[in-house]
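Accompanying notes for the structure given below.
The values are calculated or read from the model by the stated rules, or taken from the named source; none is laboratory data. Remember, it's a predicted structure, so these values are computed and weren't measured experimentally. All Cβ positions, even for glycine, are placed from backbone atoms using ideal geometry, and neighbour counts span all protein chains on display.
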């Protein structure tokens, strides 16, 4: 067995009972040849949405060149790799967390699909629930597939329809009308057009940025900020946007659904706090969640602390509403990545301290309110609490900024089977005892929705309630980008 194989087999991911992040997409269309660098910088800003693999496709002389591999963005795109990509005015990037298909190079996005009259590269965030049926139909038409990802099916379906319709927009419309599930996708063509589509439900975010160089479309606004592009607006559910030569040349609402619902867990955990999604600051949403938690689950305590990173803003809100001091409860090691090697069972059991070590000076002898974003299986929460107990805290009152997970997700969030979700196995009081806290309080679904009330879309709360989506809103009140803007 090679040392590389041994390394992979001995990896251990610390947040093993947390939800898998979403993928991230970024498309760049400029009036200069700096697209690769901007796509790379944007992917670095979006790394939190997927740490398994990364890829960049570049248009070059009516062709598309592709570089992709498993690993973090900085590991895949070393300076030597970036230098080999041609300078171009258009690029498409993706960073992956696998929800369908294994994490192999063949499943890494973007996917490049060639057809009789051209070629496209496609990057996709979401989960296509009817991908197997679509794949079977395309195979009957003679199309071959080399990967097991639903994103390859999406790329092939779009290419097939563009060829059939002999028109880019008509082909994209026909293809995406056949897709069921969640998809925020971007594609680029060999003749340097970029197309962005958000599914009619609006499950996954997608936004537009602009500066004098051109247009960037990305999963989150933090990517626009990092590349010095001004946030213009979110792409609407069901909207198709076409960009050419750094300008938007078309936008229109084409896809319709009876229900809409942005995944509310974008605000709880997935998105970066400096992003704005559908009109609402992620930071403000998490702060509001903490305030609602303090109203719903007050407690007599000495200090409040959050579990890094996604529990920190909710902890701020809890402290603000309760009047309790906010302190740092942990020191986070930010340099070890997501996976580590442990030669012994004892080290594996104490893995939480490798990345999060309690700050004894702030919490010893104190009654603390500990705020975190979620409890899925309870194993990580129990380890965090155990590490805090070792510092001599007097009491631990845990507050969770999402309701209990009870249902799986069909739209791209990697939630364990319902049988493995701790909230379906035992009562909240039994969860409290199992993770060894003095009290446990989850935010209510109503409190979570209230905390996110400034979002312009309704929400999907299916993982908490089993109700996947809300009734459709009237998108006519939103003004689309004018053609040739």
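Worth a mention:
Rundown of residues vs (1) touching a helix residue (DSSP H, G or I) at 6+ places or on another chain (Cβ under 6 Å); (2) modelled with pLDDT of 95 or more; (3) in a helix (DSSP H, G or I); (4) assigned by TED's automatic domain parsing to the domain that holds residue 254, yes/no style:
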site	(1), (2), (3), (4)
434	no, yes, yes, no
441	no, yes, no, no
447	yes, yes, yes, no
473	no, no, no, no
484	no, no, no, no
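- For the stretch 438-461, the set of residues classified as surrounded by fewer than 19 Cβ atoms within 10 Å (Cβ to Cβ) and out of contact with any strand residue (DSSP E or B) (no Cβ under 7 Å at 6 or more places or on another chain) consists of 444, 445, 446, 450, 453, 456, listed by residue number.
- Every residue from the stretch 258-279 that is surrounded by fewer than 24 Cβ atoms within 10 Å (Cβ to Cβ) and under 21 Å from residue 43 (Cα atoms): 269, 272, 273, 274, 276, 278
- Restricting the stretch 388-429 to residues that are at pLDDT below 95 and not in a loop (DSSP other than H, G, I, E, B) leaves a set whose member that is nearest to residue 266 (Cα to Cα) is 414.
- Subset of the stretch 311-327 (residues that are farther than 18 Å from residue 442 by Cβ and assigned to a loop (DSSP other than H, G, I, E, B)): 323, 324, 325, 327
Table: residues versus (1) surrounded by 20 or more Cβ atoms within 10 Å (Cβ to Cβ); (2) over 18 Å from the mean Cα position of the chain (by Cα).
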site: 223; (1), (2): yes, no
site: 228; (1), (2): no, yes
site: 256; (1), (2): no, yes
site: 307; (1), (2): yes, yes
site: 311; (1), (2): yes, no
site: 315; (1), (2): yes, yes
site: 326; (1), (2): yes, yes
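- Residue match in the stretch 84-93 (condition: more than 25 Å from residue 207 (Cβ to Cβ), free of Cβ contacts under 8 Å to residues at least 24 places away in the same chain and either more than 19 Å from the chain's Cα centre (by Cα) or not assigned by TED's automatic domain parsing to the domain that holds residue 219 (or both)): yes
- 1 or more residues over 18 Å from residue 209 (Cβ atoms): qualifying helices (runs of 4 or more DSSP H) within the stretch 22-117: 73-76, 79-84
- Residue 171 passes every criterion in (1) in contact with a helix residue (DSSP H, G or I) (Cβ under 9 Å, 6 or more places away or on another chain); (2) part of a strand (DSSP E or B) apart from (2).
- Selection count, the stretch 273-298, where residues are in contact with a helix residue (DSSP H, G or I) (Cβ under 8 Å, 6 or more places away or on another chain) and farther than 30 Å from residue 230 by Cα: 7
Conditions (1) closer than 24 Å to residue 108 by Cα; (2) at pLDDT below 95; (3) part of a strand (DSSP E or B), marked per residue:
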| position | (1), (2), (3) |
| --- | --- |
| 176 | yes, no, no |
| 186 | yes, no, yes |
| 196 | yes, no, yes |
| 205 | yes, no, no |
| 210 | no, no, yes |
| 224 | yes, no, no |
| 249 | no, no, yes |
| 256 | no, yes, no |
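- Count of residues meeting criterion [buried (at least 24 other Cβ atoms within 10 Å of the Cβ) and either closer than 24 Å to residue 62 by Cα or touching a helix residue (DSSP H, G or I) at 6+ places or on another chain (Cβ under 7 Å) (or both)] in the stretch 184-213: 10
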